[in-house]
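Quick notes on the structure that follows.
The values are calculated or read from the model by the stated rules, or taken from the named source; none is laboratory data. Predicted model only: the values in this text are computed from it and were never measured. So basically every Cβ, Gly included, is an ideal-geometry build from the backbone, and we count neighbours across all protein chains shown.
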Amino acid sequence: MNCSLCAGACADADLTPLLSPDLTWLWQALAAAADRRGDETLTAGPAVTVTVPTSPSQRAAAAGLIGGRPPEPGQRRRLSLEALTAAVATRGPSLTPGAVAAHACNRRLATKARIRAEHTAASHRIRAVLESSAAALPHHVRELVEPATVFSRLNSLGWITRLLNTPDPDALLAQALQVAACLPTPGRRIDRRILVPGNPHALDAGTLPALVLALTGSPATTGRSSWARLGVDCDDLLGGLIITGITPRGWRIPPGATFTLPPRELADITWEPPTTIGDWAFVTENPSVLAAASHHALAHATAWTPRVICTAGTPSQLECEAVGALSDAGWRTAVRADFDQAGLAHMRALLAAAPAAVPWRMSTADYLSAAPAGTDTLHLKKTDAPWDPRLVRVMLKQSVPVYEEDFLPELLGDIADGAPGSLSSKTASPCSSVTKSGRNPGSQ
């Protein structure tokens, strides 16, 4: 069995004389050189410079290893690694200066360099497997994976390192490629639950589905939409929108009831129009806002019903399109999310699918009203908040996210008033400039 300190170089060696306490200083200097050079054997290469100690016993113990004239206290001596290798080899046929230093310091040397080398070798292996296997995929899948560039693309996204940090990178990559090979040809559909035989939930969440989407150039942050693009149908009964005060056309919902519309019901949805043309529908990211609005209405024992739709996190493309359909029924739509990277992405997706919607309390002034100076690292791009060009710059300066719960009193007030406060300059058409209460929504 190989030694954990020197990979077996100490086999059949007599290390006792070399591990004398009087030689510890020498082996520590060599260990430091091994770490710097990334060479755990130190059998060849440039000479290693050491400083001779003042202790007579330490100098005497090293005399036979240093060679040349007797060392002087404080003197700097250059040690020939070839000569030192020959000297320690008299104590063991495979012994090296690095092996002795490892035992003297009781640790493996050049660990970082070895890890880098192992990572590089593993990356090369993954690249070879990835490119050869990708080239063997069906033609319609190869067009998505792009065998010639797939490794570089995954590496730039951090996926190669992420893959190598899994317990069995080769098995995970092979499974992801097998799933990719089963993707249907354009125009055909397949149920996601049968893509991994014997495990219908293998692609529900985790590293495997994320890797499959990364292989095919699909963003994992829009899971359902990404799978749909690949011709894969997900369970259409889970997820969706949480709603109160707004109903699909033809549905009978008790006043004030909160219910969930799953993806199956959101496809091609048609909404009931508002009781008054131009009423506002409020779209929020976090269920806590909808819950607070419902509790607020109950606590005040009024006939008022909040009109709130909650995406409960990242909205799918289908959910965004359902929000966009509100304007077709005559609703004015105010949308918002958290002030963080994900929240800004949610806003962009919602505004793209619902061009008539307006950002609700999502301006620079709103952010600053609740943002203390922080130390978080916000990974934002200048274009992440197109509705307010100053917002990203200010968020990066403040270095702190702000969540919807930080605005809860203001949001509840807007919902109760039936008109969103602090709208950005992106207001709807002239018909949206006055609410049913006769107030300009931008003046809140």
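The table for this structure:
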{"item": "Any hit, the stretch 199-217, residues being farther than 21 Å from residue 236 by Cα, free of Cβ contacts under 8 Å to residues at least 60 places away in the same chain, among the hydrophobic types (A, V, I, L, M, F, W, C) and not in a loop (DSSP other than H, G, I, E, B)", "result": "yes"}
{"item": "Meets criteria (closer than 26 Å to residue 16 by Cα, in contact with a helix residue (DSSP H, G or I) (Cβ under 9 Å, 6 or more places away or on another chain), aliphatic (A, V, I, L, M) and part of a helix (DSSP H, G or I)) for residue 31", "result": "yes"}
{"item": "Some residue of the stretch 179-196 being hydrophobic (A, V, I, L, M, F, W, C), out of contact with any strand residue (DSSP E or B) (no Cβ under 7 Å at 6 or more places or on another chain) and closer than 22 Å to residue 321 by Cβ", "result": "no"}
{"item": "Identity of the residue in the stretch 326-354, assigned to a loop (DSSP other than H, G, I, E, B) and in contact with a helix residue (DSSP H, G or I) (Cβ under 9 Å, 6 or more places away or on another chain), that ends up farthest from residue 371 (Cα to Cα)", "result": "354"}
{"item": "Long-range neighbours under 9 Å by Cβ, at least six apart or interchain, first residue in a loop (DSSP other than H, G, I, E, B) and surrounded by 12 or more Cβ atoms within 10 Å (Cβ to Cβ) within the stretch 44-64, second of a type in the set (S, T, N, Q) and modelled with pLDDT under 95", "result": "47/80; 52/58; 52/75"}
{"item": "Residues that are part of a helix (DSSP H, G or I) and out of contact with any Ser or Thr (no Cβ under 7 Å at 6 or more places or on another chain), drawn from the stretch 275-317", "result": "287, 288, 289, 291, 292, 293, 295, 296, 298, 299"}
{"item": "Residue in the stretch 109-116 that is under 27 Å from residue 234 (Cβ atoms), in contact (Cβ under 8 Å) with a residue 60 or more places away in the chain and among the basic types (Lys, Arg) present", "result": "no"}
{"item": "Among (1) part of a helix (DSSP H, G or I); (2) of a type in the set (Gly, Ala, Ser); (3) farther than 21 Å from residue 342 by Cβ, the one test that residue 225 misses", "result": "(3)"}
{"item": "Filtered residue count, the stretch 260-270, keeping only those that are surrounded by fewer than 20 Cβ atoms within 10 Å (Cβ to Cβ) and assigned to a strand (DSSP E or B)", "result": "1"}
{"item": "In the stretch 355-368, the residues that are under 12 Å from residue 404 (Cβ atoms) and assigned to a strand (DSSP E or B)", "result": "360"}
{"item": "Close pairs from the stretch 135-160: first assigned by TED's automatic domain parsing to the domain that holds residue 178 and over 21 Å from residue 208 (Cβ atoms), partner surrounded by 14 or more Cβ atoms within 10 Å (Cβ to Cβ) and of a type in the set (D, E, K, R), Cβ under 8 Å, at least 6 apart", "result": "135/142; 148/131"}
{"item": "The lone exception for residue 296 - which of (1) buried (at least 16 other Cβ atoms within 10 Å of the Cβ); (2) modelled with pLDDT of 95 or more it fails", "result": "(2)"}
{"item": "Filtered residues of the stretch 369-411 (kept if farther than 25 Å from residue 333 by Cβ and either assigned to a helix (DSSP H, G or I) or over 22 Å from the mean Cα position of the chain (by Cα) (or both))", "result": "371, 372, 373, 393, 394, 396, 397, 398"}
